[in-house]
Structures are given as structure tokens and as C-alpha cells.
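Read through the structure below, which is laid out as C-alpha cells, and then see the notes.
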Amino acid sequence: MKDKQLHIEFLDHQSEMMSKVKKLSDANIKTLGMLPYAAFNEAAKEKNILIARINSDLVGYILIRKVKSRNQIVIVHFCIDDKYRGHNYGEKLFSILKTSAEGFSSIQLKCRSDYSVSEFWPKLGFQIIAKVDGRKKTGSVLNVWYYKLHKESLFDVYYQPDFDKIPIVLDSNIVIDLYKNEALNYIFEDWIEDELEFWITPEFFNELDAYEDLEERDKINRFGQVFFCV
């Protein structure tokens, strides 16, 4: 594999490579998390998917979100196909992302602390600036990785809450459905937590008092405590 065969470019939403990006995402869903195909389409329209390819073969991609209020680029997905790993294609892909980030001051991403890919981020120049609760049933911890695009002092680097999130208030019946139905747990995926913030009202706990199964009520109560309360 010669470097001159490698092409790195922003994906066009009408490109035939779109289906290959989605396929690669599906193949790595356990670590990337679920992202609806509509989100890929929207990101491509906004030129927020950077791909690396060799001829028509997809090497990997980076899907980003631009947070203008923080002058920051957030990496949602960063994935290299298994067969192309170990050839520095991830480094090359990230290098192009940096050069295309004109007008932005930093790049940030979240990654579970127990994933082996955590060894990769320091090689790119990222630094951990915070650890946050993954807010999943399994109890994961996410490292917040930060890459500064300008040479500001490290004292200027700090973690800020994302005020661009959309607040969503959940009905008590929905919370109970989430607890009982594992198939609905995609709302706890990290990419969703970058966009939405889930809340419940005090009425949720009041309604639980009428739950006849005391043991089940306590479990649902603990589950409900992962959400913010109005």
C-alpha cells in the first residue's frame, strides 16, 4: 500500500462511499455506538465527514460536529478499517482534519476509559482534561480528550459543559420503558449525550410510590437517578 494511492477528502452526501462509511460504522458499533443513517446523511451535507480511501476502498473516516459557541470541533466517530490499521492512516486522516479546521481553536472527543484505543489519542497530541460519567446501565467512565489547535497556555484549557444541548423531559412511563427494554438503550449512546440532555420531574418519584413490586420499584428508582431532575 503506497501512500500516493491514499486520498483524503470530505465526503459528498451523494457519493457511493456513503454506504461504505455506514457499513464500517455498523461493523464497529460496539465501540462507536449507534448513529442513525440520517445523521450520516446530514453530516455529509454539512461536509462533516472526512474519509480516507484507496481507489474505491474505504480506509477510514472521521465524523465531526462543529460547536460554534465554543469555537470547537467535536469528533463523534473516528474509525479505521481493521485491515488498514497499523499503517498510520489514522494519523494522516487527523492531520488533514487539523489543516481544515481553520477558525476553530480546539478539537475534543469523548472515549471510554477502558477502550484500548485510549492509547492512540496521546499519539495524536490529545490530552485528558476531564472524566465524565457515561451514564449507562453498565456504569462506564468517559475520558474527555482535548487537542489545542493554537499555542495557548495549558492554563487556558478546561472542560466546559455543552450549553448547546437540547433539554428533553421524560415522562415516567418512558423512563420505566427504558429500564425494562434494553433495545431502547441507544438513547444512552455517547453521541446522543453530546446533543441531548435528559430530565425527569419530581412527579416521577411520586408515581413510583404506587408501584406494587417493592424490589422492582427500588431498581427503577435507582435507574431514574441517572437523569437530571427539574
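The values are calculated or read from the model by the stated rules, or taken from the named source; none is laboratory data. Just so it is clear, the model here is predicted, and its values are computed rather than measured. No Cβ is skipped: glycine too gets one built from the backbone with ideal geometry, and neighbour counts run over all protein chains shown.
For residues that are surrounded by 10 or more Cβ atoms within 10 Å (Cβ to Cβ) and at pLDDT below 80, scanning just region 207-217, find the one that is farthest from the chain's Cα centre (by Cα).
Let us first name the residues in region 207-217 that are surrounded by 10 or more Cβ atoms within 10 Å (Cβ to Cβ), namely 207-208, 211, 216-217.
In the following step, the residues that additionally are at pLDDT below 80 were identified as 207-208, 211.
On the way: Glu207: 33, Leu208: 32, Tyr211: 35 Å.
Among them, the one singled out is Tyr211.
Residues that are in contact with a Leu (Cβ under 8 Å, 6 or more places away or on another chain) and farther than 20 Å from Asn48 by Cβ within region 99-120 comprise Arg112, Ser113, listed in sequence order. Taking region 165-191 as the region of interest, how many residues are of a type in the set (A, V, I, L, M, F, W, C), at pLDDT 70 or above and assigned to a helix (DSSP H, G or I)? Residues that pass the stated criteria total 4.
Which residue, of Lys131, Lys123, is among the basic types (Lys, Arg), out of contact with any Pro (no Cβ under 7 Å at 6 or more places or on another chain) and either at pLDDT below 70 or surrounded by 12 or more Cβ atoms within 10 Å (Cβ to Cβ) (or both)? Steps first, please.
Numbers: Lys123 fails: either at pLDDT below 70 or surrounded by 12 or more Cβ atoms within 10 Å (Cβ to Cβ) (or both).
Exactly one of Lys131, Lys123 is among the basic types (Lys, Arg), out of contact with any Pro (no Cβ under 7 Å at 6 or more places or on another chain) and either at pLDDT below 70 or surrounded by 12 or more Cβ atoms within 10 Å (Cβ to Cβ) (or both), namely Lys131.
One residue is enough: does region 142-152 have a residue meeting the conditions modelled with pLDDT under 70 and not small (Gly, Ala, Ser)?
Filtering region 142-152 down to residues modelled with pLDDT under 70 leaves 151-152.
Now drop any that are not not small (Gly, Ala, Ser), which leaves 151-152.
Yes, there is a match, as at least one residue in region 142-152 is modelled with pLDDT under 70 and not small (Gly, Ala, Ser).
Cβ-Cβ distances below 9 Å connect the following pairs, each with a first residue in region 141-153 that is hydroxyl-bearing (Ser, Thr, Tyr), a second residue that is modelled with pLDDT of 85 or more and not in a strand (DSSP E or B), and a separation of six or more residues or different chains: Tyr146/Phe126; Tyr147/Phe94; Tyr147/Lys98; Tyr147/Trp121; Tyr147/Leu124; Tyr147/Gly125; Tyr147/Phe126.
Just one of the listed residues (Leu97, Leu63, Leu93, Leu35) is closer than 28 Å to Val141 by Cβ, assigned to a strand (DSSP E or B) and among the hydrophobic types (A, V, I, L, M, F, W, C), and it is Leu63.
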